[in-house]
Amino acid sequence: MICMKTLCARVRSTTRALTQKSSQTPTAAFCVIGDEILSGTTQDTNIRTLASQCFSLGINLQKIEIVPDSRASIGASLVELSHAHTVVFTSGGIGPTHDDITYDAVARAFGDKLAYHSETLQRMQRIMGDTARARPDPNGTSAERACARMALLPQSARVTFVDDKLWVPVVQVQNVHV
């Protein structure tokens with residue numbers, strides 16, 4: 001699951017942008033991604049945090065969906081939620097394993113392509129340092145390529161780093177925040 005600090009920063013930065021654009025109460029949806037959540041092997045810990053953050057900031061959280069690690073399921077959910085709500089947040093599906101397909105699903109859902117985001121790769125290399133089992137390298141070993149895949153982002157994405165100590169960015173495509 002994502003870092004709570006990153007999730008809370010997403011909500012706060014989004015709230016500022018939303019309240020500047022409209023006098024109406026913004027609405028939100030949350031798409032939780034992962035077979036491990038649906039099977040019960042992992043307990044979600046982000047829903048409560050997101051809901052309380054939204055409430056405290058005046059965002060009306062209206063819907064929470066949990067979807068499997070499937071490009072079609074993720075994409076369909078995000079497109080539907082994106083059309084129905086002011087803002088959509090996601091958690092899950094970002095990592096170096098075969099089932100971490102969220103960025104790809106977002107890109108496909110919104111007619112975009114993936115590309116390595118150089119600043120994210122650089123931050124990963126700097127922050128992970130030499131202590132990581134695999135340093136991110138798109139041209140390296142299988143493990144290094146898998147690690148680098150976490151910096152393969154939708155080309156149209158707005159990328160924001162919320163903490164100098166974290167390499168994980170907030171990735172925004174339209175009104176969806178990954």
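The values are calculated or read from the model by the stated rules, or taken from the named source; none is laboratory data. Everything quoted here is computed from the prediction, not taken from an experiment. We place every Cβ from the backbone using ideal geometry, glycine too, and count neighbours over all the protein chains shown. Accessible surface is based on the protein model in full, side chains and every heavy atom, while ligands, DNA and RNA are left aside. Shrake-Rupley method; radii C 1.70, N 1.55, O 1.52, S 1.80 Å.
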Correct option for Kirkwood radius over Cα pairs in Å [calculated from the coordinates] among [x] 20.8; [y] 16.6; [z] 18.2: [y]
Which longest uninterrupted range of the chain lacks any trypsin sites (Lys or Arg not before Pro) assigned by DSSP to a loop state (not H, G, I, E or B) and surrounded by at most 15 other Cβ atoms within 10 Å? 1-112
If you take the beta carbon distance between Ala84 and Gln122 as r and set R0 to 41 Å, what does 1/(1 + (r/R0)^6) give as a FRET efficiency, to the nearest 0.05? 0.65
In whole percent, and with a 1.4 Å probe on the protein chains, what portion of the accessible area of the chain is carbon and sulfur? 49
What angle, in degrees between 0 and 90 and rounded to the nearest 10, separates the Cα long axis of helix 47-56 from the longest principal axis of the Cα atoms of the chain? 50
Using only the alpha-carbon atoms, how far is helix 4-21 inclined from the longest principal axis of the chain? Give it as 0 to 90 degrees, nearest 10. 50
Can you work out the accessible area per residue across region 87-178, with the rest of the protein chains kept in place, probe 1.4 Å, in square angstrom? 50
Taking the reciprocal of mean 1/r across every pair of different Cα atoms in region 77-178, the Kirkwood radius in Å is 14.1
Testing the spin-label approximation: label points 7 Å from Cα along Cα→Cβ at Gln155 and Thr25. State their distance in nm. 4.1
Please give the helix 71-84 orientation as an angle from the longest Cα principal axis of the chain, in degrees from 0 to 90, rounded to the nearest 10. 30
The chain: antiparallel DSSP beta bridges as a percent of all, rounded to 5: 35
Give me the dipole magnitude in Debye, nearest 20, for region 83-163 about the Cα centre, with unit charges on the beta carbon: positive for Lys and Arg, negative for Asp and Glu. 100
For Cys31, distant residues with modelled amide H under 5 Å away: Glu65, Phe89, Thr90, Ser91
Which whole-Hz ³J(HN,Hα) couplings does region 141-156 yield from phi under the Karplus relation 6.51 cos²θ - 1.76 cosθ + 1.60, θ = phi - 60°, glycine and proline marked x? 5, 4, 5, 5, 5, 4, 5, 5, 4, 5, 9, 8, 10, x, 4, 7
